[in-house]
Amino acid sequence: MGKVTGFLEFDRELPQKSSPQERLENYNEFVQEFEPEKLNQQAARCMNCGIPFCHSGCPLGNVIPEFNDAVYQGKWEEAYLILSSTNNFPEFTGRICPAPCEAACVLGINKPAVAIEEIEKHIIEIAFSKGFVKPNAPILKSGKKVAIIGSGPAGLAAAAQMNKAGHAVTVYERDDQPGGLLRYGIPDFKLEKSIIDRRLEIMKQEGIQFVCNTEIGVNDDMKAFIDRHDAVIMAAGSTIPRNLSITGRDLKGIHFAMDFLKQQNKELNNSAILGERIFAKAKDVVVIGGGDTGSDCVGTSNRQHANSVKQFELMVQPPQQRNENMPWPIYPMLLKTTSSHEEGCERFWGINTKAFLGDLKGNLRAILVSDVSWELDALGRPIKFNEVEGSEREIPCQLVLLAMGFLYPQHLGLIQNSGLELDDRGNVKAAEGQYQTNIQKVFAAGDMRRGQSLVVWAISEGREAARKADEFLMGKSNLPSKDRINEYVNM
């Protein structure tokens, strides 16, 4: 590495952010850039480990120490080539990934981990500014026709890789613009949509076709659709939300989180909004669910000038540091305070929502809750909760957002009409590591196959499914696998 003592000399730092007061006045990204000297220092903290566990911590197998060294040396094109050899969209993961690579960083054993995610984001933004990111259309064409269903991170990654292999790729999206979860599930203050559009323009120039406002499988003869293509990759995501079927669920003012977030993103995108407008202004908001989607609802509610925002989590409050049940390099379930929480939110752990309470007009006026205690197994994992006696109470609210995750992909239409087999969780069944479904020329990737997961896992799944589909079409594939992390293949 460029500076072997860097981890001893420099502490972990992250870029400055605009103040919460400034952030709440718009939906723009607010994390500033590193000064060149700071970026150099953060890259210098990489330790030149004998075994770089960050490789295995990253679902994409990113070659992290090598691009850190290139950043330290100021070799920006080399850093970009290394990073893009394993990651099609570092501008996405550099903004919205929870960075499992950092959890596996060897330095993290007794010091704060290397700021890998921020370094990754800076590499790609500098690469764009310097003109390194260019359309690279394949010269040799295979003559094979491939359909990608779904334009979220898995579908886009699969499309990019199949196009590199020389196949004619068409991406089908049921919404009005490509991007899936990235466009309509992630708020602009975390990922401005110009970042997506910039990448889509490159993909279009490389020859990938996008067909929007088209929901495959609803009015189509799916057998005929599949027969028209040499391979089909299903990447439509996990879209059926987990519900809370308790008394009062039908009251006005209770909505799924993704409906709320999608409406706000569509409004900023000047897209048509269908159905009842969900708006938090002047309301007492309760977000049920303690994950990232819940956090996004908090940030969006605050920007809509809610009167108050509370976030509920049924589980106990996580620890702030690793304990004996979360040894390095396991990804630790630690207390996470997001930028949205910083902007204003009262958080509750170990709280159970028992009923929704309404007024005489059928509008939500409060929720009935109780505190719970958890029984733990021998490893300290919660297995059963019990209500705390005497803790039942009402909490006033006029808007509840259900952010409890997703169950499985939509079965009606595409899946049912295709005859695809499902696994015991309701996801499309495809052999682990093979991505091939019960229909020979149909492959599945991302949340549609593995269940609700991270954007970085979706990109990895899209890449791997594309390689297996390419092998199916051509008998072999030159597309890189995440297991070949030491090959800097600019594909």
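Find all pairs meeting these conditions: Cβ atoms under 9 angstrom apart; at least six residues apart or on different chains; first residue within region 13-34 and farther than 20 Å from residue 118 by Cα and of a type in the set (S, T, N, Q); second residue part of a loop (DSSP other than H, G, I, E, B) and at pLDDT 95 or above. Hits for this filter: 21/343; 26/188; 26/189.
Residue by residue, here is whether (1) under 21 Å from residue 241 (Cα atoms); (2) in contact (Cβ under 8 Å) with a residue 60 or more places away in the chain; (3) under 21 Å from the mean Cα position of the chain (by Cα) holds:
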residue	(1), (2), (3)
425	yes, no, yes
437	no, yes, no
442	no, yes, no
458	yes, yes, yes
462	no, yes, yes
466	no, yes, yes
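For (1) modelled with pLDDT under 95; (2) small (Gly, Ala, Ser); (3) surrounded by 21 or more Cβ atoms within 10 Å (Cβ to Cβ); (4) assigned by TED's automatic domain parsing to the domain that holds residue 72, each residue gets a yes or a no:
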residue	(1), (2), (3), (4)
120	no, no, yes, yes
123	no, no, yes, yes
172	no, no, yes, no
180	no, yes, yes, no
186	no, no, yes, no
190	no, no, no, no
202	no, no, no, no
206	no, no, no, no
211	no, no, no, no
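Taking region 400-424 as the range and being more than 19 Å from residue 258 (Cβ to Cβ) and not in a helix (DSSP H, G or I) as the test, the residues that pass are 419, 420, 421, 422, 423, 424. So is residue 60 within 30 Å of residue 323 (Cβ to Cβ), crowded, with 20+ Cβ neighbours inside 10 Å and outside the structural domain of residue 181 (by TED's automatic domain parsing) or not? So residue 60 fits the description; yes.
I'm trying to understand the selection: among the residues of region 28-45, which are crowded, with 20+ Cβ neighbours inside 10 Å and either in the same structural domain as residue 342 (by TED's automatic domain parsing) or farther than 14 Å from residue 14 by Cβ (or both)? Within region 28-45, 44 is the sole residue that qualifies. Only residues that are part of a strand (DSSP E or B), within 32 Å of the chain's Cα centre (by Cα) and of a type in the set (D, E, K, R) were counted in region 380-399, giving 1.
Scanning region 416-458 for residues that are aliphatic (A, V, I, L, M), surrounded by 24 or more Cβ atoms within 10 Å (Cβ to Cβ) and closer than 27 Å to residue 228 by Cβ returns 428, 430, 442, 444, 445, 448, 458. Taking the conditions (1) surrounded by fewer than 19 Cβ atoms within 10 Å (Cβ to Cβ); (2) out of contact with any Ser or Thr (no Cβ under 8 Å at 6 or more places or on another chain) in turn, residue 162 satisfies each one other than (1). Only one entry in 272, 235 is within 26 Å of residue 475 (Cα to Cα) and either within 18 Å of the chain's Cα centre (by Cα) or not assigned by TED's automatic domain parsing to the domain that holds residue 188 (or both), namely 235. Being of a type in the set (A, V, I, L, M, F, W, C), assigned by TED's automatic domain parsing to the domain that holds residue 65, at pLDDT 95 or above and more than 18 Å from residue 342 (Cα to Cα), is that true of even one residue in region 14-25? So far as region 14-25 goes, no, none of its residues is of a type in the set (A, V, I, L, M, F, W, C), assigned by TED's automatic domain parsing to the domain that holds residue 65, at pLDDT 95 or above and more than 18 Å from residue 342 (Cα to Cα).
In summary, strands (runs of 3 or more DSSP E) completely within region 131-226 and bearing 3 or more residues that are at negative phi, in contact (Cβ under 8 Å) with a residue 40 or more places away in the chain and β-branched (Val, Ile, Thr) occur at 145-149, 168-172.
For beta carbons closer than 8 Å, sequence separation of 6+ or different chains, a first residue in region 38-50 that is part of a helix (DSSP H, G or I) and a second that is surrounded by fewer than 20 Cβ atoms within 10 Å (Cβ to Cβ) and of a type in the set (Lys, Arg), the qualifying pairs are 42/12; 44/3. Being touching a residue at least 12 places away in the same chain (Cβ under 8 Å), part of a strand (DSSP E or B) and touching a strand residue (DSSP E or B) at 6+ places or on another chain (Cβ under 6 Å): is that true of residue 260 here? The answer is no for residue 260.
Residue-wise test of (1) modelled with pLDDT of 95 or more; (2) closer than 23 Å to residue 95 by Cβ.
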position: 423; (1), (2): yes, no
position: 426; (1), (2): yes, no
position: 431; (1), (2): no, no
position: 435; (1), (2): yes, no
position: 444; (1), (2): yes, no
position: 459; (1), (2): yes, yes
position: 472; (1), (2): yes, no
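Inspect all residues belonging to region 75-83 and state whether any of them is assigned to a helix (DSSP H, G or I) and within 20 Å of residue 454 (Cα to Cα). There is at least one residue in region 75-83 that is assigned to a helix (DSSP H, G or I) and within 20 Å of residue 454 (Cα to Cα). Inside region 285-379, counting only strands (runs of 3 or more DSSP E) that do not spill past its ends, which hold 2 or more residues that are touching an Asp or Glu at 6+ places or on another chain (Cβ under 6 Å) and without any contact (Cβ under 8 Å) to a residue 40 or more places away in the chain? Per the criteria, 364-376.
Any chance region 235-242 includes a residue that's modelled with pLDDT of 95 or more, among the basic types (Lys, Arg) and not in a loop (DSSP other than H, G, I, E, B)? No, region 235-242 has no match at all. Would you check if residue 400 is of a type in the set (Val, Ile, Thr), buried (at least 16 other Cβ atoms within 10 Å of the Cβ) and not assigned by TED's automatic domain parsing to the domain that holds residue 226? Yes; evaluated as a whole, the condition is true for this residue.
The values are calculated or read from the model by the stated rules, or taken from the named source; none is laboratory data. It should be emphasised that the depicted structure is a prediction, and the values quoted were computed from it without experimental measurement. We place every Cβ from the backbone using ideal geometry, glycine too, and count neighbours over all the protein chains shown.
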